Amino acid sequence: MTAILTAHELVRSYGSGATQVHAVSGVSLELSPGELVLLRGPSGSGKTTLLNLLGGLDRPTSGTVVLDGVELSSASEDELAAVRRRDIGFVFQSFALLPVLSAAENVEVPLRILRTPVPERTARVAELLAAVGLADHANQRPYELSGGQQQRVGIARALAARPRLLIADEPTGQLDSHTAAQMMALIAELVHEHGVAAIVSTHDPRMAEHADRVLQLREGALASGRHAA
């Protein structure tokens with residue numbers, strides 16, 4: 001199966017000389033459609049930096065990132081913005097929902113940015129809220145929802161524009177263990193159903209059971225990986 005994303009020898013360094021720090025050091029990986037890859041590692045191992053490079057939010061010091069034929073590492077800022085809007089969905093640990101908008105309106109935001117016609121937007125939002133089990137909560141605002149429900153809205157929003165790549169940085173970090181397991185199971189289900197390539201960072205080893213592949217990041221470098229049984 002052809003990879004959606006290919007990263008080759010990524011390095012991200014900060015500082016210079018004796019004080020130089022390699023937050024990411026020589027990372028190469030591929031992500032395929034319908035594959036959920038778990039990125040594990042302790043705090044400070046470089047997980048967020050690597051995800052930012054893969055999502056075009058940061059540029060590598062050296063190395064390349066190619067998403068669906070577009071080399072993000074050399075793209076212009078306008079090209080990167082267009083790719084992020086069209087091809088990448090982000091899920092954040094802090095949920096990052098707009099508090100003045102309802103659940104449905106939050107999910108709709110990416111479609112508004114893409115100027116998707118209203119009937120299509122309405123249908124897509126309803127489809128996704130139903131998929132994450134929140135069809136009856138469409139009109140509620142974030143403060144009226146539990147943490148798990150807010151994260152479900154965040155997942156629906158990330159998938160709204162039918163992205164090729166889903167990036168989630170510690171999406172269960174603010175959730176209790178039971179809800180966190182539910183969120184990972186939901187992400188896995190949606191990734192496989194929609195054929196999205198997904199990479200999810202976590203420090204929780206219990207999340208590995210929901211992944212197709214697990215990568216271990218240590219001091220900015222990939223230490224090991226495995227396919228899920």
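Against the criterion of being under 25 Å from ASP212 (Cα atoms) and in contact (Cβ under 8 Å) with a residue 40 or more places away in the chain, LEU190 qualifies.
What number of residues within the stretch 203-229 satisfy the criterion of being assigned to a loop (DSSP other than H, G, I, E, B) and either under 18 Å from the mean Cα position of the chain (by Cα) or at pLDDT 80 or above (or both)?
Of the residues in the stretch 203-229, 6 are assigned to a loop (DSSP other than H, G, I, E, B) and either under 18 Å from the mean Cα position of the chain (by Cα) or at pLDDT 80 or above (or both).
The helices (runs of 4 or more DSSP H) falling completely within the stretch 57-142 that include 1 or more residues that are basic (Lys, Arg), farther than 30 Å from HIS203 by Cβ and in contact with a helix residue (DSSP H, G or I) (Cβ under 6 Å, 6 or more places away or on another chain) map to 118-131.
Take PRO142 and tell me if it is in contact (Cβ under 8 Å) with a residue 12 or more places away in the chain, within 17 Å of the chain's Cα centre (by Cα) and surrounded by 15 or more Cβ atoms within 10 Å (Cβ to Cβ).
Numbers: in contact (Cβ under 8 Å) with a residue 12 or more places away in the chain: yes; within 17 Å of the chain's Cα centre (by Cα): no; surrounded by 15 or more Cβ atoms within 10 Å (Cβ to Cβ): yes.
Considered against the rule, which asks whether it is in contact (Cβ under 8 Å) with a residue 12 or more places away in the chain, within 17 Å of the chain's Cα centre (by Cα) and surrounded by 15 or more Cβ atoms within 10 Å (Cβ to Cβ), PRO142 comes out as no.
Restricting the stretch 1-12 to residues that are more than 12 Å from LEU53 (Cβ to Cβ) and not β-branched (Val, Ile, Thr), which is nearest to the chain's Cα centre (by Cα)? Only one residue fits best here, namely ALA3. On inspection, GLY26 passes the criterion of being farther than 23 Å from MET184 by Cα, in contact (Cβ under 8 Å) with a residue 60 or more places away in the chain and assigned to a strand (DSSP E or B). From the list LEU190, LEU175, LEU186, LEU166, the one residue that fits, being under 27 Å from ALA103 (Cβ atoms), within 12 Å of the chain's Cα centre (by Cα) and of a type in the set (A, V, I, L, M, F, W, C), is LEU166.
The values are calculated or read from the model by the stated rules, or taken from the named source; none is laboratory data. Given the structure is predicted, the values throughout are model-derived calculations rather than measurements. With ideal geometry, Cβ positions are generated from the backbone for all residues, glycine too; neighbour counts draw on all protein chains shown.
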